[in-house]
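Trainee: This is the structure I want to talk about, given as structure tokens.
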Amino acid sequence: MSKSVMKINVARQFSKNPAGRYVSDGKNSGEVFLKNLLIPAITTHDEVEIDFDGVRGYGSSFLEEAFGGLIRLTGMSVNEFKAKVKIL
């Protein structure tokens, strides 16, 4: 049986200007990305490929909330994260 893979192109599917940590920081925050795209993808697919091309830049608060938040919410280990999430 083959793995189900979801591909997320951040620039096309989320924003060319991802910024901020929390929902209160705006609609392009790491928390919004985490809750609206990343968690649903992780829970419904074996692997998630994330393409960061086409985005103007990423703040550390966005990245920490999106990926640190994923670890905090799911409790997945670093090895589980590496097996499940591919950064392109």
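Trainee: Starting from the Kirkwood radius over alpha-carbon pairs of the chain, derive D by Stokes-Einstein at 4 °C in a medium of 1.567 mPa s and give it in µm² s⁻¹.
Mentor: D = 100 µm²/s.
Trainee: Next question, about the same structure. Please report the net charge: other residues with Cβ closer than 15 Å to the Cβ of ASP53, K and R +1, D and E -1.
Mentor: With Lys, Arg at +1 and Asp, Glu at -1, the net is +3.
Trainee: Okay, moving on. Eight or more residues apart or on different chains, and alpha-carbon atoms under 22 Å: count the Lys pairs in the stretch 5-87 matching that.
Mentor: 13
Trainee: Right, here's the next one. Arranged from highest to lowest average of other beta-carbon atoms within 10 Å per residue, in what order do the peptides 72-80, 51-59, 38-46 appear?
Mentor: Packing order, densest peptide first, comes out as 38-46, 51-59, 72-80.
Trainee: Tell me the label-point distance for the pair ALA83, ASP46, using the 7 Å Cα-to-Cβ offset, in nm and rounded to one decimal.
Mentor: For the pair ALA83/ASP46, the computed spacing is 1.2 nm.
Read-outs: derived from the displayed coordinates by stated rules, not from any lab. From a predicted model like this one, the values you see are computed outputs, not experimental measurements. With ideal geometry, Cβ positions are generated from the backbone for all residues, glycine too; neighbour counts draw on all protein chains shown.
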